[in-house]
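Input: a single structure, listed below in structure tokens.
Bear in mind that the values in this text are calculations on the coordinates, not laboratory data. Just so it is clear, the structure is predicted and the values come from calculations on it, not from any experiment. Every residue, glycine as well, gets a Cβ built from its backbone with ideal geometry; the counts of neighbours run over all protein chains shown.
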Amino acid sequence: MTHTECASPSPAELAVVVPDARVDRILYGVAFASAASILFSIAVSQILLGVSVAALLISRRRLRFPPIVLPLTLFFAATVIADLLSGEPLKGIPQIRKFFVFAIILVLFNTFSSISQIRHLIFAWAGIASLSAGLALVQFAHRWAEAVRLHASIYDYVLDGRITGFASHWMTFGGQQMIVLLLLLALLLFAPGGLWKIFGWACAAIIWIAIVLGLTRSIFLVAVPAGVLLLAWNYKRWLVWASPAVALVLFFAAPPQVQDRVFSVYRPHGDVDSNSRRSIMARTGLRMIESHPVFGIGPEEVQPQFLKYLPPDVPLPLPKGWYGHLHNVYLQYAAERGLPALVFILWIIGRMATDSWKALKISAEMADERFIWLGGLAVIAAVLAEGFFEYNLGDSEVLTMFLATLTCVYVAIRSQNERVAPE
């Protein structure tokens, strides 16, 4: 061994290395806490996100970005232009402020550096989501008992006060639980085994039960199955062919209210189910897009202008429901901000999906990163499928988790590139 190989770091070198390592841990810890806390408090998450951004800027490090800067910049620009041209630019400020949520990409991409850190985030999400699901099951039991005590229709009463867990709304709850479940399943199926999988499968079970009892059809009937089928196809393809039998077993094992919710897809319970108002919103949204295809009618303008674009053959009063947005992510972006804005957001999602697929193709069968690429693809499939029935990316909590997933995909791609790069 040479003298050079044996030499200890000089005091000057230690003075540089030690503080840098400590700063890295602090930056990672705050970013991790911001991403994890979104499951129980958007206020805490965004405060920590602001601290993370400030800390990154103060550190004066060279910031890195995933390869989605161009479509993301164009999406922001299209939103601002749509707001300025709307005639009511002050009303659109909430959507401009929501740009801050996208800072999670910058923060995670510059503080996460290993696959183990991504695994830890998914474990944290799984644990918090399980606690939220447990609370939601208590809420469901309470609502059911209350309906019985009041001699009310259990289906109507439970549906009108759906479970939320730690979230503020049942759609937020369902969207967050969906993302956690798919990432957790990807980890369970494609990561090396261990005792931790007992904890993982227990979390997956309680999260799935809460999703089903949440009674949100777009999630438990459409989005989750889309993501699970993608995972099953890449794990054991015979599972895909067995899925109809599994679905039948789950259907007959479900409570009558869940079965009724499935049947409500084609046999709605009047205005209790959203079938009629969804049709009205879709037709109205298409009229908005036809009238303003390039820049839309403006952010936050759907609700105040809804009646203006209502098809003339739709009778008033409208069916009971919320008409503040179009309950369809594609129609909502196009109606508010124009078709180009919709293209830009789909460009971002499509780029992530393409990059994940390319990384999968060149990775080894047992590569550590495979679970996050497949989990990311499953989340994309679920979000895009649910988007036909809900404005899911308009929810800051769901959007934060989706963007965090996107960023973790690119952290894994960077990890792969660094490992295979020639020395």
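Odds and ends about this structure:
- Here the dipole of the chain is about 240 debye; that uses its Cα centre as origin and unit charges on the Cβ of Lys and Arg (positive) and Asp and Glu (negative).
- Cα-projected label distance for Lys361 with Ile58, points at 7 Å along beta-carbon direction, nm: 4.5 nm
- Lysine pairs in the chain with Cα atoms under 22 Å, if 8 or more residues apart or on separate chains: 5
- Farthest toward positive dipole pole in region 133-258 [+1 Lys/Arg, -1 Asp/Glu at C-beta], among Val240, Ser218, Leu150: Val240
- Burial order of peptide ranges 402-410, 226-234 (average beta-carbon count within 10 Å, highest first): 402-410, 226-234
- At most 15 other Cβ within 10 Å, DSSP loop - chymotrypsin sites (Phe, Trp or Tyr not before Pro), region 287-394: Trp322
- Unit charges on C-beta of K, R, D, E only; dipole of region 157-290, Debye: 240 debye
- In this structure, Ser41 and Asp313 have a Cβ-Cβ separation that, at R0 = 56 Å, corresponds to a calculated FRET efficiency of about 0.80.
- Prolate/oblate/rounded label for region 196-332 (Cα gyration tensor, a/c 1.5): prolate
- Applying the criteria of a DSSP loop state and at most 14 other Cβ atoms within 10 Å to the trypsin sites (Lys or Arg not before Pro) of region 302-375 yields Lys320.
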